[in-house]
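> One structure is given below, represented as structure tokens, and several questions about it will come after.
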Amino acid sequence: MKAGGGPVVKFTEASKPIPKIKASRVLAVLDFTLRVVAVLGTLASAIAMGTSRETLPFATRFIRFRARYKDLPTLTFFVMTNSIVCAYLVLSLTVSIVHIIWTAAVNSRIILIISDTVMMGLVTAGASAATAIVYLAHYGNPSTNWFAFCQQFNSFCGRISGSLIGSFIAITVLLLLIIMSSVAISRR
């Protein structure tokens, strides 16, 4: 015991507290990794939806039924929102690299939080609208005479349903990025 009254606490190498700089750097590397995952999710969603099309023959070979994402404006909105968010995330990777190098950047983190929130709202709007159309394509709505057309266009419906997965992954990752950036700022 020292003259100050309290017991002396000695830290061993394994029980030392993590310095703030190291924790901030770990958060910055995790931020970069999650941004790459979100880029891949939005890019895969936009490509999968943008390349979805199927053509079915009718009674003769000259008359055909065609399904494309461009036929439904909601799916076009989905492709555009995922493309915009993907471009934003690619551009924000440079700021994330700056945060890895310089962990004391606070103003750029605040700008990223605001921008990430706007982009999360945009991709959520696109994914929600596309989910409603995909639901109608699979199940229809008998009270309004909207018939399900996924029984005929199996490949098309499978691709548009699958493209929603990447978009919802990007929404989850953007939410995690907002929380992590808030934690990184609050550690200051």
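> Within the group Ser186, Ser155, Ser182, which residue is among the small types (Gly, Ala, Ser) and modelled with pLDDT of 85 or more?
Going through Ser186, Ser155, Ser182 in turn, just one is among the small types (Gly, Ala, Ser) and modelled with pLDDT of 85 or more: Ser182.
> Another question, then. Go through segment 20-60 and give me each residue that's surrounded by fewer than 20 Cβ atoms within 10 Å (Cβ to Cβ), more than 19 Å from Leu177 (Cα to Cα) and modelled with pLDDT of 90 or more.
The answer is Ala44, Ile47.
> Sticking with this structure for a sec: So, in segment 138-170, how many residues would count as being open to solvent by less than 90 Å² (accessible area, probe 1.4 Å), out of contact with any helix residue (DSSP H, G or I) (no Cβ under 8 Å at 6 or more places or on another chain) and part of a helix (DSSP H, G or I)?
The number of residues fulfilling the criteria is 4.
> Given the conditions (1) modelled with pLDDT under 90; (2) open to solvent by 50 Å² or more (accessible area, probe 1.4 Å), which single one is not true for Val106?
(2) is the only condition that Val106 fails.
> Val173 - would you say it is without any contact (Cβ under 8 Å) to a residue 60 or more places away in the chain and open to solvent by less than 40 Å² (accessible area, probe 1.4 Å)?
Taking the combined requirement at face value, the residue does not satisfy it.
> Identify, from the list Leu112, Leu164, the residue that is within 23 Å of the chain's Cα centre (by Cα) and closer than 30 Å to Ala23 by Cβ.
Leu112
> I would also like to ask the following. Would you check if there is a residue in segment 75-93 being of a type in the set (Ser, Thr, Tyr) and either surrounded by fewer than 17 Cβ atoms within 10 Å (Cβ to Cβ) or not in a helix (DSSP H, G or I) (or both)?
no
> If you scan segment 128-153, which residues turn out to be of a type outside the set (A, V, I, L, M) and in contact (Cβ under 8 Å) with a residue 12 or more places away in the chain?
Thr131, His138, Phe149, Cys150, Gln152, Phe153
The values are calculated or read from the model by the stated rules, or taken from the named source; none is laboratory data. Small disclaimer: the values here were computed from a predicted structure and weren't measured. Don't worry about glycine lacking a Cβ; one is built from the backbone with ideal geometry, like all the others, and counts go over all protein chains shown. Only protein heavy atoms, including side chains, enter the accessible area calculation; ligands, DNA and RNA are left aside. Shrake-Rupley method; radii C 1.70, N 1.55, O 1.52, S 1.80 Å.
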